[in-house]
Structure formats: C-alpha cells, structure tokens
Amino acid sequence: MRRSRPLVVVAGLAVAGVIMLAWTQTWFTVHLRAGAAVAGRVDADGAAAVPQYTALAIASLALFLAMTIAGRVVRVVLAGIEVLLGVGVVWSGVAALADPVAAAKGAVGEVAGVSDLDAVRHAVSGVDVTPWPAVGITGGVLAVLLGIVVMVVQRSWPGPSRKYGAATAGAASQASAAPVQRDAVVDWDDLSAGVDPTAAGGPDEPADGAAGGAPADDTVGSDRRRSNDGAGAERGAP
C-alpha cells in the first residue's frame, strides 16, 4: 500500500491523457440537408461538442502532480476534487450524446451560416456518432473511481514532512557549525577599541586581563604608580 502512490499518480496522468485525447477527436459527423450549406456534412470534434473537457483534463493533470508532494489532509481534499472533476466529465459527455445536434451547433453554424438552435436542427438531416464520446465518458468514470481509491489508500502514503524536515534540520546544523568570517575593517576597529580580534571568544567577549567584563585599561594603575613614586620622592627630599 505504501508503494501505491506512484501507481495512482501514473494512473491519474493516464486518465487525464485519455480525456484530453477524446477532446481532440471527432465526436459527431453531422449530415446537412441539400441546399442548407455548401458542404454536405460537418465533423464536430470534442473541442466543439464538449469544450469544457480541456479544462477538466488539465485540472485533473495538475491535481495528480500536486499529490506527489501533498500532505494527508490535502490529499483527501484533492481526491474529492478529482471525484467532482470526473463527474463533470461524465455529465458533459452524456449531455452531448443526449443531444448531438445541440452539441455540434457551433460547428454546423459556421458552415450553414446560422446560429439559432432551431435553424441548426432544420438544416441537419442526420448525425453519426463516433466511439470517442464513449471514450471520454469512460475517462470520467475512471477519474471518479481513482479519486475514491486515493481517499482509501492515501493513508499509508508517507508524508513530505519527513524528507523536507530532515533536509531543513541538516541545513540548520550546517549553518550553526559554519565558522564566522572576519572582516579586516572590523578587526581594525577592535584593535582601536583595545580588543584582541584573535581571541577565541571573538570581539563580543572581554579580552585577556579584563576581569568581570571591564575593559583592560592600565591608565588608572599607571597614574597611581606615578603618584606613589612622586610622594616617595618628596619624603626622601631634605
């Protein structure tokens, strides 16, 4: 079950491809009455009969690609959307089969020079149905079944958090272990402030000889020694 995700994704891509293929093929061959148009017949493909198929197929394709990186909750939502997309494909195909003249109205209207549905029906003498509407409807049924299968088997699929979480943790540890690069200008400023830039603690820690975090400064001690030396010299003077 854990290895079912690649199979389901490939099956979903194949179903979307079947729907798209049916959309590009001829669905109906419409025969026109004599004198209704210059041409005696019109071929209506899926683009004319069910123009929504292309959007449904592309949405299904993108949906299964998203399942490869989605989490468990998102996969359930995507599976539900896939069921709705399959229902839309089936509904559109059945509606076109139920009224082929209405589905081919655009293609017939371009040849006969009419746009009203009643005028199109008057110009049509017969309609031949190809197998491609059945193929498209079958693709919709498979999309519905595949969405239901995803809802059932996706529980055993590993989530993306394991892989990406490990990668993020590794990157964070490498970043924390990376040595700090020093800058010549910063080192010069540290020297001017009386801080040893080569100390192990860095510029933020007190330099050697500075107890309690106070800056190491011999100025006070030097003045005290000079004052003591001056006092001793005065006492020793006659």
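The values are calculated or read from the model by the stated rules, or taken from the named source; none is laboratory data. Computed from a predicted model, the values in this text were never measured in an experiment. Every residue, glycine as well, gets a Cβ built from its backbone with ideal geometry; the counts of neighbours run over all protein chains shown.
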Quiz item: Out of segment 87-109, which residues are more than 23 Å from Ala57 (Cα to Cα) and either hydroxyl-bearing (Ser, Thr, Tyr) or in contact (Cβ under 8 Å) with a residue 24 or more places away in the chain (or both)?
Solution: Val101, Val108
Quiz item: Of all helices (runs of 4 or more DSSP H) completely enclosed by segment 11-108, which ones contain at least 2 residues that are under 16 Å from Thr138 (Cβ atoms) and in contact with a His (Cβ under 9 Å, 6 or more places away or on another chain)?
Solution: none
Practice problem: Can you run down the residue pairs with Cβ atoms below 6 Å, 6 or more apart or on separate chains, where the first is in segment 3-28 and modelled with pLDDT of 90 or more and the partner is charged (D, E, K, R) and buried (at least 18 other Cβ atoms within 10 Å of the Cβ)? | Solution: Thr26/Asp45
Exercise. Evaluate segment 96-111: report whether one residue or more is of a type in the set (Val, Ile, Thr) and either surrounded by fewer than 14 Cβ atoms within 10 Å (Cβ to Cβ) or within 42 Å of the chain's Cα centre (by Cα) (or both).
Key: yes
Quiz prompt | Residue check, Ala66 in the same structural domain as Leu117 (by TED's automatic domain parsing), farther than 14 Å from Val144 by Cβ and surrounded by 21 or more Cβ atoms within 10 Å (Cβ to Cβ) | solution = no
Self-check item: Checking Leu32 against (1) surrounded by 16 or more Cβ atoms within 10 Å (Cβ to Cβ); (2) hydrophobic (A, V, I, L, M, F, W, C); (3) at pLDDT 85 or above, the condition it does not meet
Solution: (3)
